[in-house]
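Here's the structure we're looking at; comments come further down.
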Amino acid sequence: MKNQKTILIYMLVLFCGLTACKKALELNPITEYADANFWKETSQATAALNGAYTLLQAAMGPEGVFYGEARADNVSQNLTSLNTESLNLLTNNVNPSLRITSWNQLYAVVNQANLIIKNVRIMNQNGLYANKTAEFNQTLGQAYALRALCYFNMTRIWGALPLVTQPLKDATENYLVERSDTEAVYARIELDLDSATVLLPTSYSPSQTTKALLTAGAVNAIYTDLYMWRHQYDKALTASQRILTNTSNYSLTSLTDATALENTSYARQFTHGFSTESIFEIDFNFAERGARSFYIQVYGDIGFQPAFQVSIPLMTKFQPNDKRATISYNERRDITKFFDKTNFVRSTMDDKNIIMYRLSDILLLRAEALNQLDRPADAIAIVNQMKVRAGETALQPVDYTSLNKSQIEDIILNERSKELCFEGKRWFDLVRTKKAISVMQPINGLNNEDNYVWPINLNEIRLNPLLKQNSYYQ
Amino acid sequence: MMKVRIFKLLLLIITFSSVFSVAFAQDARPRTISGVVKDEVTNETLPGISVSVMATGKTVITDKDGKFKIDVGGENPVLVFKSIGFVSQSIPVKGKNNLDIKLKQQLVSLNEVNVTVGYGTQKRKEVTGAVGSVSGDQLETHPMGDINTSLQGKIAGLQITSNSGEPGAGATVRIRGASSVNGSSQPLYIVDGVPINTETFAGGLNDDGSTFSPLADINPADIESIDFLKDGTASIYGSRASNGVILITTRSGRNSKKPTLRFSSNTSIAELSRTVGVMNGPQWRSAYIDAIFNSTGQMTTKPSVIDSLNPNFSKSIDWHDIMYRQAIQQKTDISISGGSSDNSINYYLSAGYKDLNPIVRETDYGQATATAKVYYTFNKSISGSSSFNLSNTDYTRILTGLSGQSVVFQALSTMPVYNPYDPITGQLIPLFEGSKPNPLAIAELAANRIKRFRMFGNQDFKVWIAKNLRFTTNLGFDYENSDLSNFTPTSLLPQGQLSSSYLQTTKASSFINENTLTYKLNLKTDHTFNFLLGQSYQKFNRDNLDLIGRGLPDAQLTNVGAASVLSTYIQNISQNSLLSFFARANYDYKGKYLFSALIRRDGSSRFGADNRFGYFPAVSAGWRFSEESFFKKFQFLDEGKLRASFGVTGNQSIGNYAGQGGYINNGSYLGQNAVILSGIPNPSLKWESTQHSNIGLELSFLKNRITFTGDAYLKKTNDLLFDVTVPGTTGVSTIPGNFGSLQNKGIEATLTTVNIVAPFKWSSTLTFAYNRNKILSLPNGQDYRPNLFNMARVGEPVGVFYGLKKKGVYARDEDNVYKRDENTGVVIPYKQGSSNGKIYKGGDMIWEDINGDGIINDDDLQIIGDPNPDFTGGFANELSYKSFTFSFLFTYSFGADVFNELKRSLDSSPIDQNFSTDQLRRWRTQGDVTDIPRLVKTDPMLNYAVSDHFVEDASFIRLQNIALSYRLPKSILSKVKISGASLGVSVSNLFTLGSYSGYDPEVSSSTNSLAGGVDRGAFPRTRSYNFSLNINL
């Protein structure tokens, strides 16, 4: 009798088990968002946008230094360095097995931007952004600008690119994408900038975020850079003019506004960030999960084995009274520009912001454009503005009136080289002005324009058979 | 209930007594016969032998000295001597009063042994699938090992490759080749009916590539037997059975009435079994000067190189001697088993402790285990059992792999000129020249720890509803808690890097409920049916907390809480569940024709609603032709069986929410929460399925002196389930999916022979397995290369190595001739990488230019090796004479290749470090003919690219174990009231024959078959000398 009861109970349990079957197998993520449960609130879209910035942090810190400096003449090899990348790049032994040739982290930003662009528009259609137009515009606009920024950097590095503008819906979609030619890439960048510029405000609050988030000003900086890269000087002037007129947000820093040089607003823009000059910088804050830009891996006390030290050619460019030299490096050839000269704690203060665009950069690009448009005096005026601020003597008309366009361009480039040294600009300056071979051949033997673009990383080539390696590296 | 039982017992006694009295009455001349029973071979007295009078059935049992006394009567009385394990004897005792009986040990036919086949057992002769078995006694010869290492070489078709020589190390366990390409293509392990977690885990957040196996939580001393379902019949476990099922039965108190205490103690001395050749001080100086000069054209200014008189750099140190030691290891086990007189309750309790000090300095491993298992019978129709297994492990380890903090790698790569101690102060130097960590300092100052607690067990009830109808319900649980921590102090890091503390705590649990109905039906005695109907539900929970803290104040506080900033804090909770229904029918006609059919329906929470359920059927049949009348004339044949099976098994090893895609937190930006994409959804994700066909032949000859089992199989796996590496343009690194198919086919054989019977006994077992693995299809037929070394290509085995093929080293610059211009006669040389690449010069590698374009690049890569062995197996022997037993076990593996990444890391010299002794042969000047290219720091010509230069033959024959044991004579033991004792000495891993130049040819840094066979500097395997003492009370 007792047995039968027990059996009955178990049969019941068994039966319950059967009926609960559907439920038992429906398990959803607990500590993460399921794809189906995301993009349901506007705060999620904002968090996704912040996510895109964290991905940009990973993509540029300190890779941006390698992209913009390692193949150029402002830095040279620190012989005690343990870094394989730096030696190979400095000696122009750029090969597709180098880790730095991978574009994965930049594409991660692009993909995150693609997701935002697609989904916030759907959210908007669904009315989630009702009464939140400003929030919608800011989110969407920054996503466009981020995508443009990444594609622009990537095309300057690798040339033609697989143009991905839609996120994968699911794993069943085809994910092998061919490279589009550079014209198509430029068109896409311009289109994205056009979209962003109408959406983005000139500033955010709190005011610090104006520098560390993409604004209309930042979009204009990217426009300027893009048009200069494409030698569209009129357009570059127009775009840069929009920054110059925005004086409430952008003004040059000073090298004389403090008794100690390192406390001047000029010096502090590199060590503390968020200067009046800054147009867009990637913020790093050690207090936020130990975020670091890893500048100590590339710059600083050579005894600590950073990849680079200042090069002799750059040191000779500075006039003796140029205060920028004192800020940028020291007599041991340590690159000190981004580090506090006193009380620098290498471990916890390695969170220096990466300055992507600042006013001096835009001004000097303008100078290049003015020179190209046969306005050398206007161009030199900008150069002099930089020189005088730094304590150098200004160029007099006699110094340049006899010079041709290319020679004046050299003056501007030299000024850029001093003003923007170690900020990841030099290599692109040389490529843009087609002076890379003449400058670099004596140093590392660079002798072929096809060698300007970087190789596509081997792994990527292997995983995507549609990709053709850049011709120089075939 | 108890009262009833006592009453029954009394009744029984009364009945017996009355029978005796009748016997007395009938016999006119009753007399008492006494005697002693001994083993024919060892001449030891045998207790517990049943002695009965054939006529009356009256029975006595021999006492502890083998003596008996029995009253007999009647005409020509005959005594029968019987015991399990001995051949019964019938002795006429007419006229004899004193007997000296010698019993002969019976060669137990394996066919009578019970085999666990999943949800039940069968006699081996009834089994229709391919099942391998190992008894617990066979594990005992390998006392310090874990389950994985103790099983090596014992089962044909079971290939176990330890991932390292660390205690508790993970292993790659393959039954019949790699049938999956996902991370955990491991078999399913079932302990006493409960599937347990055996997924290998990494050594913490500071991932050094080491893996550990949860199987180490089980004490091999508690194992009674292990059975392996190798073929399609494993589909009774459906979804997780693609890689076979390993069923572990733990020891119990069954068949024992009086309490038995077993005690065993083992002590081992372990040491490094092989070293890897690296340069000494002067050799290294010369090589380093070359490397720098060849790279920069300048003499190095490195003080450690140029200043050989500096006391800091004046030594020539062999870091092996400093970092490795002879370690004393100990293991003690104690168990008690017993039961009530009617065996309605029986129990097994055990406790064990092992102290496996690894051979690297400053490491320590301690593990305590305990089990309890109780069976109880309430009444005729209800019985139950409860069991618990506990394990607590505390392991202080060092990092391995190729990382800068790896002692294994640093012991090889640290420059031999460094003095570990400051020559003036005598203090340990943490960092040499400001950047290179001193391996001894790593071992002393860094703290890496694994603390782990595991508990699993089950509770079941069996209810006989009707005579042959049984209902079983089983509740099982498996819980583990582990804390993996790593601490790296500032002193070991180049200046500016922060001290760090990592903590990963994992709580994982699973709960299972299974309900089965079994029914046995006999029709006209010739037809036997067995039916099984069941349902199972298992739910898994996992809670991970990952913390990385940076900037600790000093080396005194090493916990993550002491960090100034938490750079990572991730909590990850996940669940998955499986719901299954299954049925099986077995039919047996006269024990001659055997049929079995089964089906399992599994539902997994990991798949979307449309693909959630999978069906896994299997059919099998056996024909015991030795039972046929026409075969009876072949007297020499004891048993012959032909069997065949076909089954479909599944695999669901993919992330819990892989199909759903998702977003995760990624810290913050400007203080605001940040979320990023973590996975792309795949709604069509579905089961991977394996079709498994098998035919087998089992033969026993000459009174079971020769037993042969042979199997041939074909396994085809479709819809391979894995996280496929995708191009970076997708924004993610992998996406989950079902891609491609592969097959394994092979044969395996086990031959057990009793070569000599008595008094000297020699038996041996040879296992052999041959497997061919081939990829049948991949998406669009394209090659898939998830990493630098391995690839998947249609028509090739899984994970073949892919790289350049070398043809030598250019002796002179002018030897580099691709072709000559026909008109001008100008030499066109081979170039590296591209048409604009550098020209190979004397001392560079000569690579095979497959496409003949004069450029050595990715187009010239080819398959250069195969990590899958062609055949594997073992050869076990046991020789015994009187009280001595001598055994040895060889294991072997032929045809596999290993990629020596450890050597590549040393010689490609991306950073300043020591080189392998290969570099003594390096090319130095024009005209040198050698196989080792010149040394250039950072290797601009990529002479050290992935190539066959680093592919080595991993074939080996290993003397896995050699042991001698001596059973102490009963005569001595009886005086101290001990029923059995033995002493033993053994050596594990005494030698390995093979050409591999690394630590051990049996190395796999990964359990993933698409990343196998790469030696990334795992913890070296040890050789150990063991002394053991076993006592039974």
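Derivation of every value follows stated rules applied to the coordinates shown; laboratory data play no part. Computed from a predicted model, the values in this text were never measured in an experiment. Note that we place each Cβ from the backbone using ideal geometry, even for glycine, and neighbour counts take in every protein chain shown.
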*In what order do B:Thr56, A:Thr401, B:Thr128, B:Thr363 fall by count of nearby beta-carbon atoms within 10 Å, going from fewest to most?*
A:Thr401, B:Thr56, B:Thr363, B:Thr128
*GluC sites (Glu not before Pro) within segment A:122-185, DSSP loop, no more than 16 other Cβ atoms inside 10 Å*: A:Glu173, A:Glu178
_Loop only by DSSP, 16 or fewer other Cβ within 10 Å of the Cβ. Give me the chymotrypsin sites (Phe, Trp or Tyr not before Pro) in segment B:968-1033 that pass, ordered by residue number._
B:Phe991
*Go through segment B:434-488 and name the trypsin sites (Lys or Arg not before Pro) that are in a DSSP coil and have 16 or fewer other Cβ atoms within 10 Å of their Cβ.*
B:Lys467
_Residue order, fewest to most beta carbons within 10 Å, for A:Ser205, B:Ser620, B:Ser185_ = A:Ser205, B:Ser620, B:Ser185
*Residues in segment A:298-322 reached by a label modelled at A:Thr393 [backbone nitrogen below 13 Å; 7 Å Cα→Cβ]*: A:319-322
*Identify, among A:Ala45, B:Asn704, B:Phe409, the residue whose Cα sits farthest towards the positive end of the charge dipole of the protein assembly as shown, taking +1 on the Cβ of Lys and Arg and -1 on the Cβ of Asp and Glu, with the dipole about the Cα centre.*
B:Asn704
*Determine the sum of side-chain charges near B:Thr885: Lys and Arg each +1, Asp and Glu each -1, restricted to other residues whose C-beta is under 10 angstrom from that of B:Thr885.*
+2
*asked:* As a quick test, which of the pairs B:Lys230/B:Lys716; A:Lys468/B:Lys831; B:Lys373/B:Lys520; B:Lys96/B:Lys761; A:Lys23/B:Lys451 have an alpha carbon distance above 25 angstrom in this structure?
replied: B:Lys373/B:Lys520; B:Lys96/B:Lys761; A:Lys23/B:Lys451
*Would you calculate the volume per residue, in Å³, of the smallest convex hull containing every Cα atom of the protein assembly as shown?*
207
*Could you put B:Phe540, A:Phe270 in order, starting from the residue whose Cβ has the fewest other Cβ atoms within 10 Å?*
B:Phe540, A:Phe270
_If you average the alpha carbon positions of segment B:968-1033 and of segment A:407-446, how far apart do those two centres end up, in angstrom?_
66
*What is the helix-to-structure angle for B:281-296, meaning the angle in degrees between its Cα long axis and the longest Cα principal axis of chain B, kept from 0 to 90 and rounded to the nearest 10?*
50
_Inside 10 Å of the C-beta atoms of B:710-717, what's the mean count of C-beta atoms belonging to other chains?_
0
_Residue-wise HN-Hα coupling along segment A:310-319, computed from phi with Karplus coefficients 6.51, -1.76, 1.60 (Hz; x: Gly, Pro)_ = 5, 8, 5, x, 5, 4, 6, 6, 6, 6
*asked:* Taking R0 as 45 Å, what FRET efficiency do you get between B:Thr32 and B:Ile269 from their Cβ-Cβ distance, rounded to the nearest 0.05?
replied: 0.25
*Please give the contour-minus-distance gain from B:Leu545 to B:Asn1032: 0.36 nm per residue of separation, less the Cα-Cα distance, rounded to one decimal in nm.*
170.8 nm
_I'd like the orientation of helix B:2-26 relative to chain B: the angle between its Cα long axis and the longest Cα principal axis, in ° from 0 to 90, rounded to 10._
50
*Each label point is 7 Å from the Cα along the Cα-to-Cβ direction; what then is the distance between the points at B:Glu40 and B:Asp318, in nm?*
5.5
*Degrees, to the nearest 10: A:216-229 long Cα axis against longest axis of chain A*: 60
*Charge tally in the Cβ shell below 13 Å around B:Phe875, where Lys, Arg are +1 and Asp, Glu are -1, B:Phe875 excluded*: +1
_Förster-model FRET efficiency, 56 Å R0, B:Lys67 and B:Asn787, C-beta, rounded to 0.05_ = 0.20
*Taking the Cα centre of segment B:333-386 as origin, work out the dipole magnitude from +1 charges on Lys and Arg Cβ and -1 charges on Asp and Glu Cβ, in debye rounded to 20.*
240
*Could you grab the relative contact order for segment A:35-185? Cα pairs under 8 Å, six or more apart, rounded to a whole percent.*
25
*Find the relative contact order for chain B and round it to a whole percent, using C-alpha pairs within less than 8 Å whose residues are 6+ positions apart.*
11
*How many Cβ atoms of partner chains, on average, are near each residue of B:678-689 if near means within 10 Å of its Cβ?*
4
*With N set to the residue count of segment B:805-860, report its C-alpha Rg divided by 2.2 N^0.38 Å to two decimal places.*
1.07
*In the neighborhood of B:Thr332, defined by Cβ-to-Cβ distances under 13 Å, what is the net charge if each Lys or Arg adds +1 and each Asp or Glu adds -1?*
+1
_Average Cα contact separation per residue, chain A, under 8 Å, 6 or more apart, as relative contact order %_ = 20
